[in-house]
Amino acid sequence: MRVAIRVRPGASRTRVGGSHAGALVVAVSARAVDGAATEAALAAVADAFGVRRRHVTLVTGTTSRDKVVDVDDDALADAPARLTALLNA
């Protein structure tokens, strides 16, 4: 399942929830230096969906705040329901 995310680096704490222009908001404490914020965002998405980090891959947006990630559907049966809950959080 592909998920559009909006990364907010430099947050006081890591949080996944809410929406920004239809994308899932992922706030991470890591700064946007050398891909640290991207890696932290992928780990946060994996944690929010309850899957291992290896089940979440970056599709587009390596250096952008707007990214598209792929969450392995086989690893999680209720992924669409979790996405809806996170977008409404």
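The values are calculated or read from the model by the stated rules, or taken from the named source; none is laboratory data. Remember, it's a predicted structure, so these values are computed and weren't measured experimentally. Cβ placement follows ideal geometry from the backbone for every residue including glycine, while neighbour counts extend to all protein chains displayed. Surface areas here come from the heavy atoms of the whole protein model, side chains and all, with no ligands, DNA or RNA. Shrake-Rupley method; radii C 1.70, N 1.55, O 1.52, S 1.80 Å.
The table for this structure:
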item: Residue match in the stretch 16-24 (condition: within 20 Å of Asp78 (Cβ to Cβ), crowded, with 16+ Cβ neighbours inside 10 Å, modelled with pLDDT of 95 or more and of a type in the set (Val, Ile, Thr)); result: yes
item: Qualifying position, being open to solvent by less than 80 Å² (accessible area, probe 1.4 Å) and either closer than 14 Å to Met1 by Cα or basic (Lys, Arg) (or both), among Asp70, Asp74; result: Asp70
item: Top-ranked residue of the stretch 77-86 - restricted to ones that are open to solvent by 60 Å² or more (accessible area, probe 1.4 Å), in a helix (DSSP H, G or I) and of a type outside the set (S, T, N, Q), ranked as farthest from Gly35 (Cα to Cα); result: Ala81
item: Among residues of the stretch 36-67, those that are open to solvent by 40 Å² or more (accessible area, probe 1.4 Å) and without any contact (Cβ under 8 Å) to a residue 60 or more places away in the chain, counted; result: 17
item: All strands (runs of 3 or more DSSP E) inside the stretch 10-75 with 1 or more residues being over 15 Å from Leu86 (Cα atoms); result: 56-60, 66-71
